[in-house]
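Peer 1: Attaching a single structure in structure tokens format; questions to follow.
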Amino acid sequence: MYLHKGCIFLQQQIFWLIFFSYSIKSAHNWWQDVCKGSSAYKGKPAILDDKNLNKPKDEKESPKIKLQQFSSDSLVYYFHPVAFVEAMRRIGNKYVCKHISYKQAIYSDTAVKNNINNEATEEHIYYMQYLGVNVFDPLFEHFNGKIRINNMYRSAELNLALKKAGYAASKTSQHMFGQAVDIDALPPYTNRDIFKYIVNNLEFDQIIWESGTDKNPDWVHVSYNPKGNRMDKKQFKNKKYIPFKLEI
């Protein structure tokens, strides 16, 4: 009997030793990310404004999709203090992807000035996550964080306000579905560099060389549709959209 109890005690000690070793290793990896300046934990946020708005394509409204939430497993919170802290941080400051916070994704100067509610639904957050993970995150990391977003999500009320203010804000804008983002490059990179990298390396629904010149656009509009991407390339020139034919 004593031998049996001794075996059980030994098994319990081995279990806790393995568990705490894993926890310490996870905490160490997390702290290394922080020390290296991982933008998932710290870093200058992208800047959003309403100056770069584009004329979007027609699109049917997508069905309701439930947004997957952070695990509520009590074991995670109780036994893993690092996981608990990280979970609380992300609950307090939601992220639609690794490099775009929810607050950044919905921010709008026009919404603030006009007291417009620009909160996104779970469905739209779902689409923003797809856009972020498949387009913005790899782009951000390739250019070492030297890019910023000018416009991402727009509610129907905000979209209408922008249209009344003279912006090209279509009632079927992909921005209203959380499927489009307007991006600017920061020195030493150019918007041409962004456009070229997306076209040659990433999957997308539509990309637009927005105004500017044939050498460099004023900004880049790109969208992503998890239900199917057209890989459509356009240029906005002389107040109209034309097929993209420039050499890049």
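Every read-out reported here was derived from the displayed coordinates using simple, explicitly stated rules and does not represent laboratory data. What you see is a predicted model, and the numbers here were worked out from it, not measured in a lab. Quick reminder, even Gly has a Cβ in these numbers, built from the backbone with ideal geometry, and neighbours come from all protein chains shown.
Peer 1: Pop a pseudo-label 7 angstrom from the Cα along the beta-carbon direction at both K94 and K215 and give the gap in nm to one decimal.
Peer 2: Reported label-point gap for K94 and K215 is 4.3 nm.
Peer 1: Here's another thing I want to ask about it. Using a 7 Å offset from the Cα along the Cα-to-Cβ direction at both L246 and A165, what is the distance between the two label points in nm, to one decimal?
Peer 2: 2.6
Peer 1: In addition: Non-local amide H neighbours of W209 (under 5 Å, H modeled in plane, Pro and chain starts lacking H): which ones?
Peer 2: K234, Q235, F236
Peer 1: Oh, and also: Nearest 0.05, what FRET efficiency do V112 and M231 give at R0 = 30 Å with Cβ-Cβ as r?
Peer 2: After rounding, the FRET efficiency stands at 0.30.
Peer 1: Pulled fully out, how much extra length does the chain show between K103 and Y189, if you take 0.36 nm times their separation in residues and subtract their Cα-Cα distance?
Peer 2: Extra length from K103 to Y189 when fully extended: 28.4 nm.
Peer 1: Determine ³J(HN,Hα), in whole Hz, for all residues of the range 188-201 in sequence, where each value follows from phi through the Karplus function 6.51 cos²θ - 1.76 cosθ + 1.60 and θ = phi - 60°; x replaces Gly and Pro.
Peer 2: x, 8, 10, 5, 4, 4, 4, 4, 4, 5, 4, 4, 8, 10
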